[in-house]
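*Asks:* Structure provided below as structure tokens; questions to follow.
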Amino acid sequence: MNKTGYASDPFYLRHETEPHPENPGRLTAIQNRLESSEFYNNLIPIQPRKATAKEISRVHDSGYVASVEKSCADGVRNLDADTVISSDSYDAALLSAGAGMNAIDQLIDGNIHNAFCAVRPPGHHAEQDHAMGFCLFNNVAIAARYAQKTKGLNKIFIFDWDVHHGNGSQHSFYSDPSIYYSSMHQYPFYPGTGAGEETGTGDGLGTTLNLPMDAYSDDDDYLSAVQNKLIPEIQRYKPDLIIISAGFDAHQNDPLAQIQLTTDCFGKMTELLMGIAKDVCDGRLLSMLEGGYDYDALSDSVRLHMQTLLTFEP
């Protein structure tokens, strides 16, 4: 059995967004499903901490960070048409980013083999200077920079299987060869980015891999792309850490998209990533929650994802 960390916090529920697809009920459903599982007591708890403004500013403009804090304090309700906030949303967003950093501490110190962070607000749409698509700060991007700046990791591979392209993550590292970003997503679809020809620029040319998928793609389509396109790139790149932007809205029951994955596919993708992580980076793998808006599909998929992280031996 692996040493699998689990990070979450009741404070995330205070990011109050109702009525909205990205709402506190998502994490309540995940927590309830995990607590009822046979393996919950084998997970290693990770207590998130609040990221500092300086840590957030490794990815985001400091003026933008300050503006989010002020908007929450002033009672602003929307940062854009899709992104709802409340008075506690800034602190919840700091705590979301901090979960990934605390998980990286545990990974690099050897206390765990892998980890999943059930956080909200999600992050992969957040751009350097503005909120977007339910996201305030880019959790995986902040975690990646933290790993580089404080843990001495040279190369990091981010794989984003959320059904929507992670425009914010891509743009954060588009010219940076030290962080490879790959996304598999429904295309064309929100947010409109993520075409196959988007491969990076300057020194980062060739360290962005988009795998656009047609609406109604299924398990076989996704698993083929992971095995035949993604895994060879991870093998070639040889990162020191793999981070998953783990959105579960490509599930066939999710209301916000048209990809037709079963719950089982998320388990199989997890196995494939654990296998390549063992080959290239001593199994170090961090997974952070992004989307997923049908409570049953989301909680079932997270349960299988975590069970696989805990029990699968590559």
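The values are calculated or read from the model by the stated rules, or taken from the named source; none is laboratory data. Keep in mind it's a predicted model, so treat the numbers as computed, not measured. A quick note on method: Cβ atoms are made from the backbone with ideal geometry, for glycine too, and the neighbour counts reach across all protein chains shown.
Condition check ((1) more than 21 Å from the chain's Cα centre (by Cα); (2) within 30 Å of T311 (Cβ to Cβ); (3) modelled with pLDDT of 95 or more; (4) of a type outside the set (F, W, Y)) across all residues:
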{"position": "A29", "(1), (2), (3), (4)": "no, yes, yes, yes"}
{"position": "E35", "(1), (2), (3), (4)": "yes, yes, yes, yes"}
{"position": "E55", "(1), (2), (3), (4)": "no, no, yes, yes"}
{"position": "H60", "(1), (2), (3), (4)": "no, no, yes, yes"}
{"position": "G63", "(1), (2), (3), (4)": "yes, no, yes, yes"}
{"position": "R77", "(1), (2), (3), (4)": "yes, no, yes, yes"}
{"position": "I85", "(1), (2), (3), (4)": "no, no, yes, yes"}
{"position": "Y90", "(1), (2), (3), (4)": "no, no, yes, no"}
{"position": "G98", "(1), (2), (3), (4)": "no, yes, yes, yes"}
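*Asks:* Can you work out which of the residues in region 207-251 that are of a type outside the set (S, T, Y) and without any contact (Cβ under 8 Å) to a residue 24 or more places away in the chain is farthest from G168 (Cα to Cα)? Before the answer, list the steps.
*Replies:* Of the residues in region 207-251, the ones of a type outside the set (S, T, Y) are 209-215, 218-221, 223, 225-236, 238-244, 246-251.
Filter once more, keeping what is without any contact (Cβ under 8 Å) to a residue 24 or more places away in the chain: 220-221, 228-229, 232, 236.
On the way: D220: 28, D221: 25, N228: 26, K229: 22, P232: 24, R236: 24 Å.
Applying the filter and picking the extreme gives D220.
*Asks:* Identify, by number, the condition in (1) under 18 Å from V65 (Cα atoms); (2) over 13 Å from the mean Cα position of the chain (by Cα) that I104 doesn't meet.
*Replies:* Evaluating I104 over (1) under 18 Å from V65 (Cα atoms); (2) over 13 Å from the mean Cα position of the chain (by Cα) leaves (1) as the failure.
*Asks:* Scan region 95-133 residue by residue and report those that are surrounded by fewer than 22 Cβ atoms within 10 Å (Cβ to Cβ) and not in a helix (DSSP H, G or I).
*Replies:* Within region 95-133, D109, G110, N111, E127, Q128, D129, H130, M132 qualify.
*Asks:* Looking at region 186-211, which of its residues are farther than 18 Å from P232 by Cβ and surrounded by 14 or more Cβ atoms within 10 Å (Cβ to Cβ)?
*Replies:* Selection gives Q186, Y187, F189, Y190, P191, T193, G194, E198, G204.
*Asks:* Please indicate, with yes or no, whether at least one residue in region 225-248 is of a type in the set (S, T, Y) and farther than 23 Å from S301 by Cα.
*Replies:* So the first thing to find is which residues in region 225-248 are of a type in the set (S, T, Y), and the list is 237, 245.
Right, trim to farther than 23 Å from S301 by Cα and you get 237.
For region 225-248, residues of a type in the set (S, T, Y) and farther than 23 Å from S301 by Cα: present.
*Asks:* Which of the residues belonging to region 145-168 are under 24 Å from A250 (Cα atoms), of a type outside the set (S, T, N, Q) and not in a strand (DSSP E or B)?
*Replies:* Residues satisfying the conditions are W161, D162, V163, H164, H165, G166, G168.
*Asks:* So in region 113-141, with the set limited to residues that are aliphatic (A, V, I, L, M) and under 18 Å from Y6 (Cα atoms), which one is farthest from the chain's Cα centre (by Cα)?
*Replies:* The qualifying residue farthest from the chain's Cα centre (by Cα) is A115.
*Asks:* Right, next: Is one or more of the residues making up region 237-249 in a helix (DSSP H, G or I), modelled with pLDDT of 95 or more and either surrounded by fewer than 21 Cβ atoms within 10 Å (Cβ to Cβ) or more than 17 Å from the chain's Cα centre (by Cα) (or both)? Please lay out each step first, then the result.
*Replies:* Just the residues of region 237-249 that are in a helix (DSSP H, G or I), to begin with: 237.
Still in the list and also modelled with pLDDT of 95 or more: 237.
Then drop every residue that is not either surrounded by fewer than 21 Cβ atoms within 10 Å (Cβ to Cβ) or more than 17 Å from the chain's Cα centre (by Cα) (or both), which leaves 237.
Yes, there is a match, as at least one residue in region 237-249 is in a helix (DSSP H, G or I), modelled with pLDDT of 95 or more and either surrounded by fewer than 21 Cβ atoms within 10 Å (Cβ to Cβ) or more than 17 Å from the chain's Cα centre (by Cα) (or both).
*Asks:* Kindly list, by first and then second residue, each pair from a residue in region 122-149 that is closer than 21 Å to P48 by Cα to a residue that is of a type in the set (K, R) and surrounded by fewer than 24 Cβ atoms within 10 Å (Cβ to Cβ), limited to pairs with Cβ atoms under 7 Å and residues at least 6 apart or on different chains.
*Replies:* Pairs found: I142/R58; R145/R58; K149/R58.
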